[in-house]
Amino acid sequence: MKEIITYRLSGTGVWVYEFFDAARNRIGSVGSEIAPAAPIRINGDGFSWYSQFNMDNTIVPGTGRQVKDSRTGAELYRVIYWRPGLYQIRHTDGTSMQVEIREGRYLFGNPLEPVTAMTLRIESADWKPSYAVDVRPWFRTVIYEDISPEETLTLLSFPALRFY
């Protein structure tokens, strides 16, 4: 089991979520400018991804947004909207994971299987990074299975990629 705290940093015209493990090591971030079609940037140790989607588009069941590798432009996975509170993360290798938003929690896993991870909105934490003036604890994610760093970053960045 692994616990990760997400902190939200705000600035003029931008937002950033930064992810820290229990040892207070920064493991990645996701952020963007505040604009309808600005790309979301996802960064981790050795990973640099992006996702661009014009939020003025109509969102209907089956609408997806691609996440691509910044170096190659290759699609890595898609976040697909099915209905309010139900999404799918579908990787290009054919694997997928369901994401259900229930009672303010993000539940990652597949039907009839144990939950892989759960993200919950929080308002306080025992520690916060000191280098930013406006930084607040935002999410607590508990990962119950042994997953890769790429999959960890995928789950942590989901709240920033989902359709509202």
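We did not get these values from a lab; they are worked out from the coordinates using the rules stated. The structure presented is a predicted model; accordingly, all values stated were derived computationally and were not measured.
Annotations
- Less than 5 angstrom separates the built amide H of THR63 from those of TYR81, all sequence-distant by 5 or more or on a different chain.
- Inter-part distance where the range 28-100 and the range 125-151 are each reduced to a Cα centre, Å: 20
- Under 5 Å, built H, 5+ apart or other chain: amide partners of LEU76: VAL67, LYS68, ASP69
- Note that the chain carries a Kirkwood radius of 16.2 Å, evaluated over its alpha carbons pair by pair.
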